[in-house]
Amino acid sequence: MTTTTQRRSWCGICEAGCGLIATVADGRLTAVRPDPEHPASLGFLCSKGMAIPALLDDPDRITRPMRRRADGEFEAVGWDEAMDDIARRLQAVVEAHGRESVGIVLGNPSVQNYASFLAGLLLGAALKTQHLYAAASVDINNYYVVNELLYGHNLTTPIPDFRRTDLALVLGSNLVVSHGSMATLGRVHDHLIDLVDRGGRLVVVDPRRTETAELGEHVGIRPGGDPWFLAALLHVLFRDGSVDEARLAPTVRGVGFLRELVSDVDLERAAVESGIPVAQLVELAHALGTARSATVYGRCGASLGQFSTLTKFFLDALAVVTGNIDRLGGMLFPAPYLDAELLTTVLGLHGYDRWRTRVDDFPEVLGMSPLASLAREITTPGRGQLRALVGLASNFGWTSANPQALQEALPRLDLFVSLDPYITDTNHTADYVLPPSLMLEREGFPVFGQLHAITPNAQWSDAVVDARGESRNDAWILSEIFRRIGVVPLPLPGANVLAKLPVHLPFALISDLAMRVGAHGDWFGLRRLLGRGRGLRRRDLVADGAARQYAEHPPVGVLRRRVHHRDGRIHLDHPVLAQEMARLTDSAAPDASYPLRLFTIRELRSQNSWLHNLPKLMAAGRTLRLRVHPDDARAHGLASADTARLASPWGAVEVPVEITDEVVPGCVGMPAHWGHRGGTWRRARRAGGVHYNDLTPDTADQVDRASGNAWFNGIPVSLTRVAEVAALDGAR
Ligand SMILES: Nc1nc2c(c(=O)[nH]1)N[C@H]1C(S)=C(S)[C@@H](COP(=O)(O)OP(=O)(O)OC[C@H]3O[C@@H](n4cnc5c(=O)[nH]c(N)nc54)[C@H](O)[C@@H]3O)O[C@H]1N2
Ligand SMILES: Nc1nc2c(c(=O)[nH]1)N[C@H]1C(S)=C(S)[C@@H](COP(=O)(O)OP(=O)(O)OC[C@H]3O[C@@H](n4cnc5c(=O)[nH]c(N)nc54)[C@H](O)[C@@H]3O)O[C@H]1N2
Ligand code: SF4
Ligand SMILES: [Mo]
């Protein structure tokens, strides 16, 4: 007889962390469906979430430790054999070159497993290596820098109060498809419709008329024009006397610095650079200045340009000078149940520019180096040269800039170990690929999503099914590798003696303690005695299974408590921002041989580089197309489905085009991470296509200088019909 049970959990594919109900039959996950009672996602689960059973069952998933043989093929080995060999080789590297030659890369999915995320960050700090890398530097390093400068902590991220705002300015985020990042709001589509229905304004600034823009007003922007656009808005606000400097003074330092920084902005140049007419810039500035409340939110479109630190600074500055920080309907300080700001403060982990990276002289961000430098850190000799690397949930050799350079550099490592359920574009040359348990096969809570929750709620679920084969929790794998060379994930003096014990740090216990003593915890019963409700503790949450909403909204009126600077004020004045402004205004006129601007499009049924192997998500013959505006198509003699050669100063690919007026003239849009070249994910490789990142630069003079964040949007490109390319080649 089959025993079937229903268990509550959450989807760990993206930051939204939607609630789900899993059906388990005889220990196997057979189906998932949306949880109608989840306080944020309210019965929503996208096609990716629905595909979790297929993910766990994927025949191409590896479920035993794999070792690469001399002939390049992988063979399955036992855990002991794998760990003994890895530890021996890692130890040899440490003995010869020191711990500073060992590195860790944390990929995007690592933030969905609180235990491995903590283990990774803490191990990086305990090793005292510069070689801690994370997906953050191809995503949100600009946030981490600006947060540290303005609020005194990398992780202090104001979030948009979409549920109550009067005006939402959305810069370079397609929330309806991405479901939000650095802003966790289930059912975001419905909330944005509500906003407009109740008379609010939704202004979406994007080079593409996106699914999100369709819900409100679309302002077409030239990719890369964002810092100009925002500087122009600030210029107009100061020029027209809309900034009340006296009123800001008690809570903000450096308003005068900001005023000076934008005082010379030439609106005509800003209009050319952004593609947005002066009159519209002025109207938007006044709208922000006069709205009862406004949110200013930007994501990948604003984070992955060439000047992303400056862009994020101007975004936050707009909220500050219009009085929209810490105001109902504005940008709020979140109310997480695991206070990562406190934890990283206690351990001394946060910061900016406390040291510089070895090869490229990038400022450190949150104790990490940028992925842009990784290939050069492997190939450049000298003290601290990277020689052994452990990758966790990262396809960095594919999702970072210049994948070719990484493909060439990785085989030069003495040891490369990858924790990944697939053999991928990156780890197919690794010495070992080790199999992690995946979501629903492990206990846990959405550690990253809870940091930015617009509807504060807590969920901590037990594993729903056993891990496939010999897969093990990433936290266990990582801790065990380093325990064997005498390092534990605790950056405190003397902590490494704990490595002698055959146990690992209990991350569940530590996180539970931190939650219980935190602002929303049960204070070990004291909260109830004080008549302030029951508060959160792991045991109750796990027993409930369901997510529990513990506040109606994030708080307001907490600025002084939440800003980490000693004077309790927001600081806008930093020399690095003046340097970045100079870098922007001095940037050379674009090379006329690359007249178009390329930007990335995210697709509903992809998750960065890694769900291209699941049949349902790849059904209906999904293929890759470059989106071109009809005017540009005409100018280049292109018809629909023609193949074009797309070239940037850093690479070239050939790709079929789709002609559509959803993109702004003068720019072309393309999804990233197609054209898988390596690995055993068979369907992903069969899907074909080309790789966007082959067109992007990784050098220190090209990426965002202040944060090391990648430059993926606004890449200068040219377009030529392939038939013409052949004719040109023939003529040569
Ligand atoms: N379905 C799906 N969901 C995802 C992911 C996924 O791959 N697929 N990835 C997840 C991850 S890791 C993240 S970080 C989030 C990202 O979340 P979002 O940033 O909301 O995701 P995108 O859809 O990339 O939105 C970026 C928008 O910026 C626009 N854009 C591009 N260049 C520019 C520019 O120069 N200026 C401006 N103003 N706009 C520009 C693009 O047209 C696009 O609409 O999504 C997460 N969710
Ligand atoms: N051109 C361009 N490039 C981009 C972007 C863009 O917009 N444009 N976006 C950037 C952004 S925002 C991000 S976040 C990065 C993402 O890039 P990465 O950090 O490389 O993340 P993913 O591609 O999401 O997944 C990486 C790997 O994690 C594995 N994985 C999944 N779950 C688990 C798990 O539980 N444990 C382990 N050990 N492995 C797991 C997957 O199999 C996959 O191989 O890409 C960046 N690259
Ligand atoms: S929106 Fe994100 S968290 Fe929600 S079901 Fe889809 S992939 Fe999962
Ligand atoms: Mo991301």
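The slack between T3 and V558, meaning 0.36 nm per residue of separation minus the straight C-alpha distance, is 194.8 nm. Model label points for A635 and S593, set 7 angstrom from Cα along the Cα-to-Cβ axis, are 1.8 nm apart. In loop segments of segment 195-258 as defined by DSSP, the trypsin sites (Lys or Arg not before Pro) with at most 15 further C-beta atoms inside 10 Å of their C-beta are R198. Stokes-Einstein diffusion for the chain at 37 °C, viscosity 0.692 mPa s, with a Kirkwood radius from C-alpha pairs, works out to 125 µm²/s. Here the chain is scanned for GluC sites (Glu not before Pro) in DSSP loops (not H, G, I, E, B) that have at most 10 other Cβ atoms within 10 Å, and the longest stretch holding none of them is 74-551. In this simple spin-label approximation, D361 and L501 carry label points 7 Å from Cα along the Cα→Cβ vector, and these lie 4.6 nm apart. Each residue of segment 673-678 was assigned a 3J(HN,Hα) from its phi angle through the Karplus expression (A = 6.51, B = -1.76, C = 1.60, θ = phi - 60°), giving 6, 8, x, 3, 9, x Hz with x at Gly and Pro. The calculated FRET efficiency for the pair D266 and Q404, based on their C-beta separation and a Förster distance of 22 Å, comes to about 0.05.
Projecting label points 7 angstrom from Cα along Cα→Cβ for R682 and A92 puts them 3.6 nm apart. Working note: Karplus 6.51/-1.76/1.60 with θ = phi - 60° gives segment 522-533 the couplings 8, 6, 6, x, 4, 4, 5, 4, 7, x, 10, x Hz, where Gly and Pro are set to x.
Residues with beta-carbon under 12 Å from that of V558, excluding V558: net charge, scoring Lys, Arg +1 and Asp, Glu -1? Net local charge, V558 excluded: +3. A full extension of the chain between L492 and A519 corresponds to an added length of 7.2 nm, given 0.36 nm per residue minus the alpha carbon distance. With Cα atoms defining each centre, segment 532-606 and segment 242-290 are spaced 21 Å apart in the structure.
Would you mind checking segment 59-89 for residues with the amide N under 15 Å from a putative spin-label position 7 Å along Cα→C-beta of E470? The answer is 62-69, 74-87, whose backbone nitrogens lie closer than 15 Å to the label point. When the charge dipole of segment 95-203 is built from unit charges on Cβ atoms (+1 for Lys and Arg, -1 for Asp and Glu) and taken about the Cα centre, the candidate among G120, P109, T165 whose Cα reaches farthest toward its positive end is T165. Placing +1 on the Cβ of every Lys and Arg and -1 on the Cβ of every Asp and Glu, with no other charges, gives segment 46-174 a dipole of roughly 240 debye about its Cα centre.
Classify segment 286-325: rounded, prolate or oblate, from the alpha-carbon gyration tensor (a ≥ b ≥ c, eigenvalue square roots; a/c under 1.5 rounded; otherwise prolate if a/b is larger than b/c)? Cα axes put segment 286-325 in the prolate bin. Under 12 Å from the Cβ of P59, count the other residues' Cβ atoms, weight Lys and Arg +1, Asp and Glu -1, and hand me the total. That sum, taken over residues with Cβ under 12 Å, equals +1. Ordering T696, T311, T344, T63 from the fewest to the most neighbouring beta carbons within 10 Å gives T63, T344, T696, T311.
If you take the Cα centroid of segment 659-679 and the Cα centroid of segment 85-129, the two points sit 35 Å apart. Seen from E268, the other residues with C-beta closer than 15 Å to its C-beta sum to a net charge of 0, counting Lys and Arg as +1 and Asp and Glu as -1. Using the Cα gyration tensor of segment 435-533, with a ≥ b ≥ c the square roots of its eigenvalues, what is the shape: rounded (a/c below 1.5), prolate (a/b larger than b/c) or oblate (neither)? Here segment 435-533 falls in the oblate category.
Here r is the Cβ-Cβ distance between S242 and D586 and R0 is 41 Å; the resulting FRET efficiency, rounded to 0.05, is 0.90.
Loop-located trypsin sites (Lys or Arg not before Pro) across segment 40-88 with a Cβ neighbour count of 13 or fewer within 10 Å are R69, with loop assigned by DSSP. A straight chain from K128 to D60 at 0.36 nm per residue would run longer than the Cα-Cα distance by 20.8 nm.
Only the coordinates and a few stated rules stand behind these numbers; no lab work does. The model shown is predicted, which means the values in this text are computed figures rather than measured ones. Here the Cβ is made from the backbone with ideal geometry for all residues, glycine too, and neighbour counts use every protein chain on show.
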